[in-house]
1. Suppose we filter A34, A40, A68, A12 for residues that are under 15 Å from the mean Cα position of the chain (by Cα), more than 20 Å from D125 (Cβ to Cβ) and aliphatic (A, V, I, L, M); which single one remains?
2. Looking at A264, A272, which one is crowded, with 17+ Cβ neighbours inside 10 Å, free of Cβ contacts under 8 Å to residues at least 40 places away in the same chain and more than 24 Å from F178 (Cα to Cα)?
3. For the range 174-192, which residues satisfy the criterion of being in contact (Cβ under 8 Å) with a residue 40 or more places away in the chain and assigned to a helix (DSSP H, G or I)?
4. Which one of these is touching a residue at least 40 places away in the same chain (Cβ under 8 Å), over 20 Å from L167 (Cβ atoms) and touching an Asp or Glu at 6+ places or on another chain (Cβ under 6 Å): P301, P297?
5. Of everything in the range 33-78, what is over 21 Å from A179 (Cβ atoms) and assigned to a helix (DSSP H, G or I)? Give them in sequence order.
6. Given the options D292, D231, name the one that is of a type in the set (D, E, K, R), at pLDDT 95 or above and either assigned to a helix (DSSP H, G or I) or touching a helix residue (DSSP H, G or I) at 6+ places or on another chain (Cβ under 7 Å) (or both).
7. Collect the residues in the range 128-161 that are hydroxyl-bearing (S, T, Y) and touching a residue at least 24 places away in the same chain (Cβ under 8 Å), keeping them in residue-number order.
8. Of all residues in the range 104-163, how many are modelled with pLDDT under 95, out of contact with any Leu (no Cβ under 8 Å at 6 or more places or on another chain) and not in a helix (DSSP H, G or I)?
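The values are calculated or read from the model by the stated rules, or taken from the named source; none is laboratory data. Note that the structure is predicted; figures quoted are calculated from it, not measured. Cβ: placed from backbone, ideal geometry, glycine included. Neighbour counts: every protein chain shown.
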Amino acid sequence: MPNVPDPVRENARLVNEAIDGRLPLGGLRVHEAAEHLLTAGGKRLRPALLMLVADAFGRSPRDTVPPALAVEITHSFTLIHDDVMDDDPLRRGEESVHKRWDVPTAILTGDYLYSKAFETALKTDATDATMRRVMETLAETCTLICEGQALDVEYAEADTVSEDDYLRMVELKTGVLFAASTGIGALVSESGIFDEAYGYGLRIGKAFQIHDDVLDLVGESGDLGKTRASDLFEGKNTLVTLHARRNGVDPSLPHDASDAEVEAKVEEIREAGSIGYARERAETLVDGAKDDLDALPEGEPRDALAEVADYLVRRDY
């Protein structure tokens, strides 16, 4: 992960070690499929953020591996189900689970990881009261993510979708898991700043998704780990495409569009100011997120969290 602060890299390494050594999978197809996705890479940003928030209040990153890993497993289950619904062929540069195996295996693997996330979270070293809040936060987050995905499906069939509709969907589908990550980091460190940590995560989560929508158009398929301009092929509503439509540009592409046609459409959207508009909205969210960090004590973890916020809207993949 270029341009990511060293503490994030170290926390991501701890999560990768946990994935390699703490997930007793087994010989079933769902175990193989789960391992396929979990070991295919990924930025591990959400668990790294949880560990950073806790570290800001003196909780060792190694002590917070279980809840951090639970967050990463939760993220993985949502990716599998998302790929099934969108019929995306690639995830993290590898075949998506439903393409490598089949749809029933993908659904079961997602369900398996959903359960595994809670099993893993229960290994957190915390008081009973804190554990209750951790589990409540994780459970409520999974509910909200499902509601966000449901909105995504409904909006794909809707005649009109407003910008507020889109932002609410992004908050639920993407933002709340970032928020849960940083919020749980505040909980397990007994810091008393859950609301501020949650707010930081919610804002950077929405900014992350908006920037992802931009990268879908301006990134390279090899870097993205998925097909470039997939949002245009699928007719998805994003901040970019909504702005383009408002400015007289049809952002859709036929499924047999050539590379040249993709480039021409992206350039048309860029000239309408839609890509720049989305980037500005993401930057505004990041500025608000960094204000939330005033609740944390000064030090390397807080500095790293501010750097991560900037990284999320400046990354190339």
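1. Every option except A12 fails the conditions.
2. Details: A264 fails: crowded, with 17+ Cβ neighbours inside 10 Å.
Exactly one of A264, A272 is crowded, with 17+ Cβ neighbours inside 10 Å, free of Cβ contacts under 8 Å to residues at least 40 places away in the same chain and more than 24 Å from F178 (Cα to Cα), namely A272.
3. Scanning the range 174-192 gives L177, F178, A180, S181, T182, G183, I184, G185, A186, L187, V188.
4. P301
5. Residues satisfying the conditions are A33, A34, E35, H36, L37, L38, R62, D63.
6. Answer to the check: D292.
7. Hits for the range 128-161 are T130, T137, T141, Y155.
8. Result for the range 104-163: 3.
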